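The values are calculated or read from the model by the stated rules, or taken from the named source; none is laboratory data. The structure displayed is predicted, hence computed values, not measured ones. FYI the Cβ positions are ideal-geometry reconstructions off the backbone, even for glycines, and counts take in every protein chain you see. Areas reflect the complete protein model, heavy atoms only, side chains present, ligands, DNA and RNA absent. Shrake-Rupley method; radii C 1.70, N 1.55, O 1.52, S 1.80 Å.
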Amino acid sequence: MFSYLQTLADEKKATGNFIITGSQNYLLNEKISQSLSGRVGIATLLPFSLNELSQYKKQYNSNELMFTGQYPPIFDREIRPVSFYATYVNTYLERDIPSISQITDFSRFTRFVQLLAGRTGQLLNKNALAIEAGISHTTIEKWISVLETAYIIYRLEPWFESFNKRIVKQPKLYFYDTGLVCYLLGIRNQAEVPLHYLRGNLFENLIISELIKMNINRGHHYKFLFWRDNHQNEIDLIINKGIDKLAIEIKSGETFRNDFIKALKNWSSLSGTKSENLYLVYGGKKNMVYNEINVLGWNETPNIL
């Protein structure tokens, strides 16, 4: 098929004649690079963003959205989240991805993905993973790369400036969809989310993934990073826009507290970031400017970009 499309593309010399879609990112990219290099534009389609969900004319709370996730079939086909993710894990994660990437130990690979779910929003410690999963460092890197290519997970790299302090150099790990994380963690109904020990990590994952969707959907191509020093001072997300750098702190609490902005004030004094580029996203809904910090309710996240 790809050779046939190459011939037609060369003959017609017009764009937009064909749309090729599919979840098999490995095979699609391989065939495109072999036959259609220079003849295609590639669009990355992640799960629904908050803006895209607005077409369903329903107000979602953060706990509900973390549980349901944002894959389209859950909304346009009204599939129960647990049923959708059970099938998704059984077919795509446990079968398709290992088969295409030549992973032979299916059960250990599935266990590895579950271990990653328990580390969402945390520093990626390959030594601890190797011990717990019973696999080598080489295999860990290979499997993580496979999951990144499949748009299951992504790594958030650390900001490189130290400001005269030692900084953390390990990346942090996140999933593109929190509903999948909840399923892998064994969460089977929405009521369990606010009680779960990883609720704060899930909320952070939700907000950062939303901004990544905005970055891709709007064609910005900004660099996303985080910053942490050896004294546990941290900024959850730094968006490098070139000249401007946005610093974003994320708190899952639904009631604003003064101490929510402490990290941003510390970052501002260290980096000299202007107040208009400092954002706090929290679990509530009230927007305000507090002590020169932009405070946004979680559902206003798309407005940052």
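Output the residues belonging to the range 115-138 that are part of a helix (DSSP H, G or I) and either among the hydrophobic types (A, V, I, L, M, F, W, C) or open to solvent by less than 40 Å² (accessible area, probe 1.4 Å) (or both).
Within the range 115-138, the subset part of a helix (DSSP H, G or I) is 115-117, 126-133, 137-138.
If the condition is that a residue be part of a helix (DSSP H, G or I) and either among the hydrophobic types (A, V, I, L, M, F, W, C) or open to solvent by less than 40 Å² (accessible area, probe 1.4 Å) (or both), then Leu115, Leu116, Ala117, Ala128, Leu129, Ala130, Ile131, Ala133 are the ones that fit.
Across the range 17-32, the qualifying residues are those that are open to solvent by less than 80 Å² (accessible area, probe 1.4 Å) and at pLDDT below 80, and the one among them that is farthest from Tyr176 (Cα to Cα) is Ile32. Asn294 falls short on exactly one of the conditions (1) within 27 Å of His221 (Cα to Cα); (2) among the polar types (S, T, N, Q); (3) surrounded by fewer than 17 Cβ atoms within 10 Å (Cβ to Cβ), and that condition is (3).
Any idea which residue in the range 196-221 is surrounded by the most Cβ atoms within 10 Å (Cβ to Cβ), counting only those that are in contact (Cβ under 8 Å) with a residue 24 or more places away in the chain and assigned to a loop (DSSP other than H, G, I, E, B)? Working first, answer last.
From the range 196-221, those in contact (Cβ under 8 Å) with a residue 24 or more places away in the chain are 198-218, 220; that's our starting set.
When the remaining residues are screened for being assigned to a loop (DSSP other than H, G, I, E, B), the result is 198, 218, 220.
Numbers: Leu198: 21, Arg218: 12, His220: 12.
Selected residue: Leu198.
Within the range 150-182, track down each residue that is closer than 30 Å to Arg80 by Cβ and open to solvent by 50 Å² or more (accessible area, probe 1.4 Å). I'd like the intermediate steps shown before the answer.
Within the range 150-182, the subset closer than 30 Å to Arg80 by Cβ is 150-154, 173-182.
Passing the criteria: only Tyr151.
All of (1) over 18 Å from the mean Cα position of the chain (by Cα); (2) at pLDDT 95 or above; (3) surrounded by fewer than 18 Cβ atoms within 10 Å (Cβ to Cβ) hold for Gly272 with one exception: (2).
Residue pairs whose Cβ atoms lie under 6 Å apart, separated by 6 or more positions or on different chains, with the first residue in the range 78-104 and in contact (Cβ under 8 Å) with a residue 60 or more places away in the chain and within 17 Å of Cys182 (Cα to Cα) and the second among the small types (Gly, Ala, Ser) and open to solvent by 30 Å² or more (accessible area, probe 1.4 Å), do not occur. Checked against (1) hydrophobic (A, V, I, L, M, F, W, C); (2) at pLDDT 80 or above; (3) surrounded by 11 or more Cβ atoms within 10 Å (Cβ to Cβ); (4) out of contact with any Cys (no Cβ under 7 Å at 6 or more places or on another chain), Phe67 meets all criteria but (4). Of everything in the range 49-64 that's more than 12 Å from the chain's Cα centre (by Cα) and not in a helix (DSSP H, G or I), which residue is surrounded by the fewest Cβ atoms within 10 Å (Cβ to Cβ)? The residue in question is Lys57. Going residue by residue through the range 276-297, is there one that turns out to be on the phi < 0 side of the Ramachandran plot, in contact with a helix residue (DSSP H, G or I) (Cβ under 6 Å, 6 or more places away or on another chain), part of a helix (DSSP H, G or I) and not hydroxyl-bearing (Ser, Thr, Tyr)? No, the range 276-297 contains no residue that is on the phi < 0 side of the Ramachandran plot, in contact with a helix residue (DSSP H, G or I) (Cβ under 6 Å, 6 or more places away or on another chain), part of a helix (DSSP H, G or I) and not hydroxyl-bearing (Ser, Thr, Tyr).
Residues that are among the aromatic types (Phe, Trp, Tyr) and either within 16 Å of the chain's Cα centre (by Cα) or within 15 Å of Leu115 (Cβ to Cβ) (or both) within the range 171-201 comprise Tyr174, Phe175, Tyr176, Tyr183, listed in sequence order.
Just need a number here: residues in the range 33-48 that are more than 22 Å from Met214 (Cβ to Cβ) and either surrounded by 13 or more Cβ atoms within 10 Å (Cβ to Cβ) or among the β-branched types (Val, Ile, Thr) (or both). Outline the logic, then answer.
Quick first cut of the range 33-48, residues more than 22 Å from Met214 (Cβ to Cβ) only: 33-40.
Adding the requirement that they be either surrounded by 13 or more Cβ atoms within 10 Å (Cβ to Cβ) or among the β-branched types (Val, Ile, Thr) (or both) leaves 35-36, 39-40.
The total comes to 4.
The set of residues in the range 174-207 being closer than 16 Å to Leu45 by Cα and among the hydrophobic types (A, V, I, L, M, F, W, C) consists of Phe175 alone.
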